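Enquirer: Once you've had a glance at the structure underneath, I'll fire off some questions.
The values are calculated or read from the model by the stated rules, or taken from the named source; none is laboratory data. Just so it is clear, the model here is predicted, and its values are computed rather than measured. Neighbour counts are summed over all protein chains in view; Cβ atoms, including those assigned to glycine, are modelled from backbone coordinates with ideal geometry.
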Amino acid sequence: MSLAVDVTKRLGSFVLEAKFASEGRLTAFFGRSGSGKTSLVNIVAGVTHPDRGRVFLDGRPLVDTERGIFVPKYKRRLGYVFQEGRLFPHLTVRQNLLFGRWFTPKNERKIGIDQVLDLLGLAHLLDRRPGALSGGEKQRVAIGRALLASPQLLLCDEPLAALDDSRKEEILPFIERLRDEAQVPIVYVSHSLSEVSRLATTVVVIQDGRIAAVGPPTDVLGRTDLIAAHAAAEAGALIEATVSGQDPTFGLTALQSAAGTLQAPHLDLRIGTPVRVRIRARDVMIATMRPDGLSALNVLPGRVLALDPVGDDLVEVGLECGGVRLVARLTRKSVEVLALARGREVFAVIKSVALDRDALGRAPASRGPRAADVTTDDSTR
C-alpha cells in the first residue's frame, strides 16, 4: 500500500500543512493531542475537505483539488475505527460484525468471517450483546466489523485511548496480528509512544500541524529531539532483537540484538521470534569499567557519541553499542564525576525489569498469503 498526502487545511487559527508518503503496513500518526493527527486522518477518510492538495492511495486519487477530484467517503473503501467501538447495542456481536459486510458486493469481499474471528479472538463472543463486553472486546468487534467491509485501508483513530492499561494489553497482540496477517494496510493515530513503538512500520510525527519526521520506527523514535517534545520521560531508543532463549527457572527470556544479549522478563514467544525493545533513557546507567556484583543483568559495551544538555541539570548521553544507538539520561554531576567525553569507551547498564511489556512487542512478521488467496466464508455462522 502506498499513501501519498500533500494537503493544507485551516481550522480557525490552526493550520495543518502535511506532506508525506508511506508504504508501511501500519503507518502511525504520532504527536501530542491537538497536533493535527485526527484532522489529517479525517482528510484521508473524506470526512474533511482540504483547502488545497492531494491524497493518493495506491496511485488512485482520493483528493486532488487542482483537478476538482473529491471521492465521497462512502466510495473510498476505507474502514474507520474510533476511540469508542460505536457498536449497535441491540445487535449481537455476530450481527454487528456482519453489518458492514452487507454493503460490500460479494465479488469484492476479500476477507472471510472465519479469518476475522481467528485474528481477533471473537468466536466465543458471537452471541453476546455489546453491553456484556469489556472495553477491549468492544474495540475488537469494531475492528472486525470494519475489516469485514473489505476496506482498502483501515483507519484507527486513537482506538485504545478510552481503555485502561490492562485492556490495552489485552488488545495490542490482536492489533499486531492484524498488522502481520490481515493484508489490510492500517493508518493508526496515537499519542502513545509505547503503542507506536510496538505497532508501527512507518511513523509520521506531527507537531503543531506540520510533519516533523517520517520513517521507520527505529530511526524516528530514537531521535530524542523529536520524542522529548512529546514525552520527555519516555525518550530513548528502539532496537530490534530476536528471542534466543528461555530460562524457565528464573522466568527470563534472552533477546539477541546487535548491541548484545538482553535478559527480559518472560515472554511467551518462540525462539527466533523478532521483537522490538524500547530502552528508555531514564533506565540506562553508565559505567566506565565493567561492573561486578551488580543486580542489573544487562551490561552492553559501547562508546560515547554525544553529550547533549537537557535544561540546567541533565545531560542526554548518546551511546553506540555494536552499531546500535542508545541514550542515557544522567545528571550533569554524574557526567562530570565519570569524566564522560565523546569517544570514551563505557558500559551501558540496564535492569531487566525495565524491559517490561510496555517496552517490548513483536516486530512485524514477514507477509503470509495474500488476503485474496484466503478462502472466504459468507455464512453467518
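Enquirer: Test LYS110 against the stated conditions and say whether it is in a helix (DSSP H, G or I), among the charged types (D, E, K, R), assigned by TED's automatic domain parsing to the domain that holds PRO61 and farther than 13 Å from VAL81 by Cβ.
Expert: Values: in a helix (DSSP H, G or I): no; among the charged types (D, E, K, R): yes; assigned by TED's automatic domain parsing to the domain that holds PRO61: yes; farther than 13 Å from VAL81 by Cβ: yes.
When the stated conditions are applied, LYS110 does not pass them.
Enquirer: Report, by residue number, each residue of the stretch 97-132 that is in contact with a Gly (Cβ under 9 Å, 6 or more places away or on another chain) and surrounded by 19 or more Cβ atoms within 10 Å (Cβ to Cβ).
Expert: Within the stretch 97-132, LEU97, ILE113, VAL116, LEU117, LEU119, LEU120, LEU122, PRO130 qualify.
Enquirer: Let me ask something additional. Could you run through the stretch 257-284 and say how many residues are within 30 Å of THR331 (Cα to Cα) and not in a loop (DSSP other than H, G, I, E, B)?
Expert: Initial filter on the stretch 257-284 (within 30 Å of THR331 (Cα to Cα)): 257-265, 276-284.
Those left that are additionally not in a loop (DSSP other than H, G, I, E, B): 257, 260-265, 276-284.
Residues meeting the conditions: 16.
Enquirer: Taking the stretch 290-304, which residues are farther than 30 Å from GLU195 by Cβ and either modelled with pLDDT of 95 or more or outside any loop (DSSP other than H, G, I, E, B) (or both)?
Expert: Once the filter is applied, which keeps residues that are farther than 30 Å from GLU195 by Cβ and either modelled with pLDDT of 95 or more or outside any loop (DSSP other than H, G, I, E, B) (or both), the stretch 290-304 yields PRO301, ARG303, VAL304.
Enquirer: Are any of the residues in the stretch 284-302 surrounded by 17 or more Cβ atoms within 10 Å (Cβ to Cβ) and within 18 Å of THR218 (Cα to Cα)?
Expert: Looking through the stretch 284-302, at least one residue is surrounded by 17 or more Cβ atoms within 10 Å (Cβ to Cβ) and within 18 Å of THR218 (Cα to Cα).
Enquirer: Follow-up question, since we're still on this one. Which one of these is surrounded by fewer than 19 Cβ atoms within 10 Å (Cβ to Cβ) and assigned to a strand (DSSP E or B): LYS9, LYS19?
Expert: Answer to the selection: LYS19.
Enquirer: Now a separate question. Counting only residues that are assigned to a strand (DSSP E or B) and surrounded by fewer than 16 Cβ atoms within 10 Å (Cβ to Cβ), how many does the stretch 46-63 have?
Expert: Qualifying residue count, the stretch 46-63: 3.
Enquirer: For the stretch 328-341, indicate whether the set of residues that are crowded, with 18+ Cβ neighbours inside 10 Å, in contact with a Ser or Thr (Cβ under 7 Å, 6 or more places away or on another chain) and not assigned by TED's automatic domain parsing to the domain that holds LEU193 is non-empty. Before you say what the answer is, go through the steps one by one.
Expert: First, pick out the residues of the stretch 328-341 that are crowded, with 18+ Cβ neighbours inside 10 Å: 328-330, 335, 340.
Among the residues that remain, those that are also in contact with a Ser or Thr (Cβ under 7 Å, 6 or more places away or on another chain) are: none.
Taking every residue of the stretch 328-341 in turn, none turns out to be crowded, with 18+ Cβ neighbours inside 10 Å, in contact with a Ser or Thr (Cβ under 7 Å, 6 or more places away or on another chain) and not assigned by TED's automatic domain parsing to the domain that holds LEU193.
Enquirer: Kindly indicate the residue of the stretch 308-319 that is without any contact (Cβ under 8 Å) to a residue 60 or more places away in the chain and surrounded by fewer than 16 Cβ atoms within 10 Å (Cβ to Cβ) and also farthest from ALA258 (Cα to Cα) among those meeting that condition.
Expert: This residue is ASP312.
Enquirer: Now, a different point. Within the stretch 346-380, which residues are basic (Lys, Arg) and either under 30 Å from LEU307 (Cβ atoms) or modelled with pLDDT under 85 (or both)?
Expert: Across the stretch 346-380, the qualifying residues are LYS351, ARG357, ARG367, ARG370.
Enquirer: Shifting gears a bit: So is ARG282 farther than 17 Å from VAL353 by Cβ and not hydroxyl-bearing (Ser, Thr, Tyr) or not?
Expert: no
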